[in-house]
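Written out below as structure tokens is the structure these notes cover.
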Amino acid sequence: MSIVKTRKQGDAVTVTIPKSLDVSVGVELEPMLTDEGILLRFVKQTKKDDFDEYILRDLFKEGYQGEDLIAEFERRKSNIPKALYKIADETKNEAAISREELMREVDL
């Protein structure tokens, strides 16, 4: 693995990703500070992590309309990453379960 240096670019500090890692220009990465250093995770939106429909259904049921609907939708959507990290933190010390156990747990 290559060693890279940080450099100042405007008000930010940047890191060059080696070409050997084959990361395309424009790819979204999420930086996370860990005990071992900085981790860059790919940001990939898939249908399974798109909660828009669920949020909107809840908001309609709760009676939101107009600008209030938009404001509350944006607020709830912005809280999703924090909620997912909280779930991950709460479960990181739990023992892993098998696929069969998971299927029983979710009643499939």
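The values are calculated or read from the model by the stated rules, or taken from the named source; none is laboratory data. If you're wondering where the values come from, they're calculated on a predicted model, not measured in any experiment. Cβ atoms come from the backbone with ideal geometry, glycine included; neighbour counts cover every protein chain shown.
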> Any residue in region 40-57 that is modelled with pLDDT of 85 or more, touching a Pro at 6+ places or on another chain (Cβ under 9 Å) and surrounded by 10 or more Cβ atoms within 10 Å (Cβ to Cβ)?
Replying inline: yes
>> Show me the strands (runs of 3 or more DSSP E) entirely contained within region 1-91 in which 2 or more residues are hydrophobic (A, V, I, L, M, F, W, C) and free of Cβ contacts under 8 Å to residues at least 40 places away in the same chain.
In response: 12-15, 29-34, 37-42
> Checking residue 76 against (1) closer than 30 Å to residue 2 by Cβ; (2) surrounded by 10 or more Cβ atoms within 10 Å (Cβ to Cβ), which test does it fail?
Replying inline: (1)
